[in-house]
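Structure record follows, encoded as structure tokens.
The values are calculated or read from the model by the stated rules, or taken from the named source; none is laboratory data. In this text the structure is predicted, and so the values were computed from the model without any measurement. Using ideal geometry, Cβ is built from the backbone for each residue, glycine included, and neighbour counts are taken over all protein chains shown. Keep in mind that these areas ignore ligands, DNA and RNA; they rest on the heavy atoms of the full protein, side chains included. Shrake-Rupley method; radii C 1.70, N 1.55, O 1.52, S 1.80 Å.
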Amino acid sequence: QVRLVESGGGSVQAGGSLLLSCAASGDIYANMCVGWFRQAPGKEREGVAEMYLAGGGKYYDGSVKGRFTLSRDDAKNLVFLQMDNLKSDDTAMYYCAARRLCSGLNAGLFTSWGQGTQVTVTS
């Protein structure tokens, strides 16, 4: 099993920044795709971004393009989501997830999930 742990959430004013981390452990496999999703109360879970743990395959949802940036440290099995110019609409629980092959932010195809980290953006 792949285990995922998110960290880095918190409360920040609109326009501020946060860096989220996703630490993967356990049965890491080749071509592992790590995705970020978020869910706010009363809303559906939505895809944010994804990339290969080993690098490449970056994809961003239109709502975060130009504001969020993916990076990774493959040696440490870490994927980062740098969130800049945060908006109140970014407030949500953020989850990282894993699947084989990056092929779009379809939550139903991700087989491993973390517990989530809360991001709150105040006006």
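Please work out the ratio of the alpha-carbon Rg of the range 1-46 to 2.2 N^0.38 Å and round it to two decimals.
Numbers: Rg = 13.7 Å, N = 46, 2.2 N^0.38 = 9.4 Å.
Against the empirical 2.2 N^0.38 Å value, I get 1.45 for the range 1-46.
So which aspartates and glutamates pass the test for Lys58, namely a Cα distance under 16 Å, with those fewer than 8 places away in the same chain ruled out?
Qualifying aspartates and glutamates at Cα under 16 Å: Glu50, Asp73, Asp74.
Give me the percent of the accessible area of the chain that comes from carbon and sulfur atoms, probe 1.4 Å, all protein chains in place.
Values: 2820 of 6100 Å².
Whole-percent figure for carbon plus sulfur exposure: 46.
Compute the normalised compactness of the chain: alpha-carbon radius of gyration over 2.2 N^0.38 Å, N being the residue count. List each step's numbers first, then the result.
On the way: Rg = 13.2 Å, N = 123, 2.2 N^0.38 = 13.7 Å.
It is 0.97.
Rounded to the nearest 20 debye, what is the charge dipole size of the range 1-54 about its Cα centre when +1 sits on each Lys and Arg Cβ and -1 on each Asp and Glu Cβ?
In debye, rounded to 20, the range 1-54 gives about 100.
Taking a probe of 1.4 Å, how large is the accessible area per residue of the chain, in Å²?
Working: 6100 Å² over 123 residues.
Result: 50 Å² of accessible area for each residue.
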